[in-house]
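Notes to accompany the following structure.
The values are calculated or read from the model by the stated rules, or taken from the named source; none is laboratory data. Source: prediction; values computed, not measured. FYI the Cβ positions are ideal-geometry reconstructions off the backbone, even for glycines, and counts take in every protein chain you see.
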Amino acid sequence: MANIDVLDLGGNKVGSLELADEVFAPNQVNEALLWEAVKHYRAALRQGTAATKNRKLVAGSGKKLWKQKGTGRARVGSVRSPLWRHGGTVHGPQPRSYDYAFPKKKLLGALRSALAAKLSDGKLVVVDSLSLKEPKAKLYRQALDKLEVKRTALLVEAGNELSQELILGSRNLAGVDLVLNNEVHPYDLLRYERAIFSRQAIEALQETLKKTVSKRKKAEVA
């Protein structure tokens, strides 16, 4: 098993943590699976509100312009015909959802890949706690500077609900986002340069991912 240093928000080492090979081994990185997970996530973000007017919705009379025969002109039924200027659009886009089903096993596999990639790139940071004495953005900015966060960072906390102090302290920091360990997505890990986990968050997430690997191996043996 690989070990990772556990730091405090001052950048000082306060301990170490064992990382499971089932989750953080370099061979866990599956780029194709990561691409699928990102594609699914971005598809779900699309609004899908594009719309065109068909001949039923476009403005204009539905009266037949001239009689069917005897004029020498082409037959036509309405000015709203798609063949005419300002007429309706045929087979144009209509409001829809771009979301689609994505297997949970593939999502968890992509999450393992993203974590392993962050670790191998040296962009994964584990801190003893994300809490500070005061919920001030200035103090969190100083802490991130000591943790060598130069661009963007994803803060991952454990629990079922984010503390108000942590939200207030980090919400005004540019390029910094805050999520719970059970909400983190592979897209988030790839989008931000550094991933900063509290010790409880990384332990809980690692335990969940280890269980899914164990169940998969048992199913393969059976």
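Residues in segment 141-168 that are surrounded by 13 or more Cβ atoms within 10 Å (Cβ to Cβ) and within 19 Å of the chain's Cα centre (by Cα): how many?
Residues that pass the stated criteria total 8.
Within the set of pairs 6+ apart or on separate chains, which have a first residue in segment 90-119 that is aromatic (Phe, Trp, Tyr), a second that is surrounded by 11 or more Cβ atoms within 10 Å (Cβ to Cβ) and in a loop (DSSP other than H, G, I, E, B), and C-beta atoms under 7 Å apart?
Tyr98/Arg46; Tyr98/Gly48
Here's the yes/no breakdown for (1) of a type in the set (Gly, Ala, Ser); (2) at pLDDT below 90:
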{"residue": "Lys138", "(1), (2)": "no, no"}
{"residue": "Gln142", "(1), (2)": "no, no"}
{"residue": "Leu154", "(1), (2)": "no, no"}
{"residue": "Ser170", "(1), (2)": "yes, yes"}
{"residue": "Val184", "(1), (2)": "no, no"}
{"residue": "Tyr192", "(1), (2)": "no, no"}
{"residue": "Thr208", "(1), (2)": "no, yes"}
{"residue": "Val213", "(1), (2)": "no, yes"}
{"residue": "Lys217", "(1), (2)": "no, yes"}
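Out of everything in segment 37-89 that is without any contact (Cβ under 8 Å) to a residue 60 or more places away in the chain and not in a loop (DSSP other than H, G, I, E, B), what residue ends up being nearest to Ala114 (Cα to Cα)?
Top of the filtered list is Lys39.
Among the numbered conditions (1) in contact (Cβ under 8 Å) with a residue 12 or more places away in the chain; (2) within 26 Å of Glu18 (Cβ to Cβ); (3) surrounded by fewer than 18 Cβ atoms within 10 Å (Cβ to Cβ), tell me where Leu132 comes up short.
(2)
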